[in-house]
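Here the structure comes first, spelled out in structure tokens, and everything after it is commentary.
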Amino acid sequence: MAHVREVARASGKAFEVRWVSNGRHSQRTFTVRRDADRFALKVENEIAEGNSTEPLVKNSKTCREVAEASIAASAKNLKTSTASGYDSAYRVHIYPKFGARRVSTITSLEVEQWLAGMQAKISERTGRPLTSATVRGTMIALSKVFGYALKHRLIAVNPSDAVDMPKKASAAPMFLEAWQVEKLATELDRFAPYGLMVRFAAYSGLRAGELAALRIRDINFLRKHVEVRRTVKRSKGGGWQFGTPKTARSSRDVPLRRELLDDVRDYLEAHPHRNDPDAALWPGRLQGGHGESKSALDFDRQFDIGSLYKHYFLPASKRIGLTGLKWHSLRHTYASLTAGAGIDIYKVSRWMGHSNVAVTDGVYTHLFNSDHSSDMERFDALVMSQMSTRTISN
């Protein structure tokens, strides 16, 4: 129930509306009794319908306060990179528009208009429109705020529910054939070990960060696989940030071709830290220098796949006529080659570290099971066998 009481103020009489909702005491003050009575009735209607009365409180939480509370509540379950992404989305795109607003006053129309502005916005850093991934990620971050507010009954409805989530545009994946992989790797063999790294990426399907984080002990010659247990990326401060792979299923063992294992074994024989299982598998490069020392290999420096891609991979791919090739194309190539070899999609999904087989099927559905003749032959054989057995028994 909401109660109205008259109180004395220096400026004259005032009327306080007090009520309790979800164990919390709240109040609003009015200068006119009629306004107080109307508001009290509104409070009682909200309580009767099971709605939160937080939106009716004059000093309800701001969008920024709710966002910070949401991140703090989920911090232990968020990867460092994910938390950093949320922080960037809030700071750059959400707080300037909604940060100081009371979360209970933000409408779905305002969110829809803000989203349209995001989709038309030009990035100050690149001079180009924001990517679909950035827009979608920012919308997800804002929806997280409203979801947290709704969960704790700070708002009655989630305004983002009425707004269509922007789709993430994705270019058609580019695949290489084995001879193209070898041609590219051969072109990079003069910048060893980059040729080997191209072969490794194309024949293991590891993500860039997983490949860059490998240690010598991760190559298991006895079981003939690579053990993927960590990933690495650049941090905001310019250093390196190690973490666990993308999903729970991304910590995995990936079988390797015998020829690739032989190449890695030969490579390790010349590795200066080959007797240290915790040493990085791939070398970084020195910065600067002159002559032969310029950008020389440094096995004590973290390998930077971005530098490899920009200064070696792209020029090499253009020299052999593979325009538009991305490093991630090597991961797509792995999926294509395994599908062409007839390897079951469930195995490929596990080896690629996808969260579930639906992800693999969604991206590479056209690669698998294109020829069902052998499947139908086995199906026909089973049907005929059971029919024959039934005939004989009768």
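Number of residues in the range 15-39 that are among the aromatic types (Phe, Trp, Tyr) and under 13 Å from MET1 (Cβ atoms): the value is 1. Residues that are of a type in the set (D, E, K, R) and buried (at least 20 other Cβ atoms within 10 Å of the Cβ) within the range 330-350 comprise just one, ARG331. Taking the range 75-99 as the range and being within 14 Å of LEU142 (Cα to Cα) and of a type in the set (A, V, I, L, M, F, W, C) as the test, the residues that pass are ALA83, ALA89, VAL92, ILE94, PHE98. Restricting attention to the range 127-145, the residues that are within 18 Å of ARG91 (Cβ to Cβ) and more than 19 Å from the chain's Cα centre (by Cα) add up to 0.
For LEU206, the conditions (1) free of Cβ contacts under 8 Å to residues at least 12 places away in the same chain; (2) under 22 Å from SER81 (Cβ atoms); (3) of a type in the set (A, V, I, L, M) all hold with the exception of (1).
Just give me the residues in the range 8-23 being loosely packed, with under 12 Cβ neighbours inside 10 Å, modelled with pLDDT under 85 and either part of a strand (DSSP E or B) or charged (D, E, K, R) (or both), in sequence order. Selection gives ALA8, ARG9, GLY12.
Given the condition of a type in the set (Lys, Arg) and either closer than 16 Å to LEU154 by Cβ or buried (at least 17 other Cβ atoms within 10 Å of the Cβ) (or both), answer yes or no: does some residue in the range 30-51 qualify?
Looking for residues that are of a type in the set (Lys, Arg) and either closer than 16 Å to LEU154 by Cβ or buried (at least 17 other Cβ atoms within 10 Å of the Cβ) (or both), one finds none in the range 30-51, hence no.
For ALA279, the test of being modelled with pLDDT of 95 or more and of a type outside the set (S, T, N, Q) is passed. Of the residues that sit in the range 201-235 and are small (Gly, Ala, Ser) and at negative phi, which one is modelled with the lowest pLDDT? Among those residues, the one meeting the criterion is SER235. Scanning the range 140-168 for residues that are outside any helix (DSSP H, G or I) and over 20 Å from THR82 (Cα atoms) yields HIS152, ARG153, LEU154, ILE155, ALA156, VAL157, ASN158, VAL163, ASP164.
Out of everything in the range 313-329 that is in a helix (DSSP H, G or I) and under 27 Å from the mean Cα position of the chain (by Cα), what residue ends up being surrounded by the fewest Cβ atoms within 10 Å (Cβ to Cβ)? Step by step, filter the range 313-329, then rank; the result is LEU314.
The values are calculated or read from the model by the stated rules, or taken from the named source; none is laboratory data. This is a predicted model, so every value here is computed, not measured. Don't worry about glycine lacking a Cβ; one is built from the backbone with ideal geometry, like all the others, and counts go over all protein chains shown.
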